[in-house]
Every structure is written in structure tokens, then in C-alpha cells.
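Asker: There's a structure below that I have some questions on.
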Amino acid sequence: MKPGRLSSALALAAALAGCASSPRAVPPPLAAQFDEPYKLASGDKLKINVFGQQNLSSSYAIEPDGSIAMPLVGRLKVSGQTSDQVRSGIESRLKNGYLRDPNVSVEIEAYRPFFILGEVTLAGQYPYIAGMTAQNAVAIANGFTPRADQKKVELTRRIGDRVYKADVPLTYPIRPGDTITVPERWF
């Protein structure tokens, strides 16, 4: 083999070996933590209480456009906000000519579902439970099939108008609306 070809072949082999041994890094937007504040989105359901105002207290589903419609408040964009930010927004609108000192609480009554696909016994859509990991999601789907790669899963998450995908360990926190795909193992 010529020296030029040999060095090219060695460089290619080293590059391929480096790719095979280094894990894919999780993109920063997917780098979730369990203690991150939860951001609301379409499909979530809120329980809103306006103390002393029974006719304003009710459950409100976040509509596909990311807003809720509430008496006296009108349409309020809540997608991408925390429940505390929504509470502040409702209080400020109610102070604007309706109530002197409104006291509002906002709780998440139901999270949007997550989805699990691939090599699990019962793939599908499931209700999200706060603090879930990918391993919990697999357990909810009745576990792995015999052909499943049990070391990692592929996580797909929509953030704003972008979709991110990454391989993550089973201990990784998931969020409502995530799609988890359990790959097939090859050996």
C-alpha cells in the first residue's frame, strides 16, 4: 500500500473508531433536570381558583393555539409559561377594573400524554406522571420485548417550533408530550 493511502486509511479508521466509542451528546435544549419548572402547552388542563369568586373558578384546557378562555379575563396565552406566570397574568387582568385584590391559584390538573414506541410490549399514548424517567415509561408500557436494546432510548421532544432527537439513558427525565422510541438491539 502506498504511504499516502496508508495514512488516509489510518485517519479514516481512527475517525470511525472515535465515532463508535463516543456517545452522542444530548443537545442543550433537551438537557432536562427534574427540578426545572414545568412549561405549559396545548393539551394540559389547569384548575384555576379565584378565591371568593365561585363563577370564575373552574378547570380550563389549554387549547391548540396555546391559550385559555376565562370569564372577565378573556383569552390568555399560557403556552410556554409556568403556572406561577399564569397566576400572575390572571391576577393582573382581574385587577384591571374587575376585582380589587384578586387571589388566584393555578394548579396542573392533568398533563398532556407522552408516547412510547418501538420494542416495548404495549406501545402507545399514556398519561404523564410528574417526575417520570424513560425507565418508568417503559414500565408503564409493560416492559421491553425480547429484542429491545435495554441500555438507551431515543427521545424526541418539541421545544417551540423545533423538534429535537437524542439517545438518552433510561434514567433520563421525560416531559409531557415526549416521544420515547425503544430501539431494537443488533447482535
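The values are calculated or read from the model by the stated rules, or taken from the named source; none is laboratory data. Just so you know, these numbers come straight off a predicted model, no measurement behind them. All Cβ positions, glycine included, derive from the backbone under ideal geometry; neighbour counts span all protein chains shown.
Asker: Would you say TYR172 is of a type in the set (Phe, Trp, Tyr) and not assigned by TED's automatic domain parsing to the domain that holds ILE62?
Answerer: The answer is yes for TYR172.
Asker: A follow-up question, please. Regarding LYS39, is this residue outside any loop (DSSP other than H, G, I, E, B), surrounded by 14 or more Cβ atoms within 10 Å (Cβ to Cβ) and on the phi < 0 side of the Ramachandran plot?
Answerer: no
Asker: Now for a separate question. Filter the range 55-67 down to residues that are within 22 Å of GLY43 (Cβ to Cβ) and either hydroxyl-bearing (Ser, Thr, Tyr) or more than 24 Å from the chain's Cα centre (by Cα) (or both), then give me how many there are.
Answerer: Result for the range 55-67: 5.
Asker: Between a residue in the range 42-54 that is touching a residue at least 60 places away in the same chain (Cβ under 8 Å) and under 25 Å from ARG175 (Cα atoms) and any residue that is exposed (fewer than 15 other Cβ atoms within 10 Å of the Cβ) and of a type in the set (Asp, Glu), which pairs come within a Cβ distance under 9 Å, given they are 6 or more apart or on different chains?
Answerer: Pairs that qualify, where the first residue is touching a residue at least 60 places away in the same chain (Cβ under 8 Å) and under 25 Å from ARG175 (Cα atoms) and the partner is exposed (fewer than 15 other Cβ atoms within 10 Å of the Cβ) and of a type in the set (Asp, Glu), are SER42/GLU63; SER42/ASP65; ASP44/GLU109; LYS45/GLU109; LEU46/GLU107; LEU46/GLU109; LYS47/GLU107; LYS47/GLU109.
Asker: Which of the strands (runs of 3 or more DSSP E) contained wholly in the range 111-186 include at least 3 residues that are at pLDDT below 95?
Answerer: Output list reads 152-159, 162-169.
Asker: Follow-up. Residues in the range 55-104 that are over 28 Å from GLY160 (Cα atoms) and without any contact (Cβ under 8 Å) to a residue 12 or more places away in the chain: how many?
Answerer: 6
Asker: Taking the conditions exactly as written (touching a Lys or Arg at 6+ places or on another chain (Cβ under 9 Å), outside any strand (DSSP E or B), modelled with pLDDT of 90 or more and of a type in the set (Asp, Glu)), does ASP84 satisfy them or not?
Answerer: The answer is no for ASP84.
Asker: Mind checking which pairs have a first residue in the range 148-177 that is in contact (Cβ under 8 Å) with a residue 40 or more places away in the chain and under 24 Å from PRO37 (Cβ atoms) and a second that is surrounded by fewer than 16 Cβ atoms within 10 Å (Cβ to Cβ) and among the β-branched types (Val, Ile, Thr), Cβ under 8 Å, 6 or more apart or different chains?
Answerer: Going by the 8 Å Cβ cut-off, the qualifying pairs are ARG157/VAL163.
Asker: Now a separate question. Quick check, is TYR60 within 30 Å of ALA134 (Cα to Cα), modelled with pLDDT of 95 or more and either loosely packed, with under 11 Cβ neighbours inside 10 Å or not assigned by TED's automatic domain parsing to the domain that holds PRO127 (or both)?
Answerer: yes
Asker: Of the residues ALA41, ALA25, which is at pLDDT 80 or above and among the aliphatic types (A, V, I, L, M)?
Answerer: That would be ALA41, the only listed residue that is at pLDDT 80 or above and among the aliphatic types (A, V, I, L, M).
Asker: For the range 68-117: of the residues being farther than 30 Å from ALA139 by Cβ, within 24 Å of the chain's Cα centre (by Cα) and of a type in the set (Lys, Arg), which is surrounded by the fewest Cβ atoms within 10 Å (Cβ to Cβ)?
Answerer: LYS77
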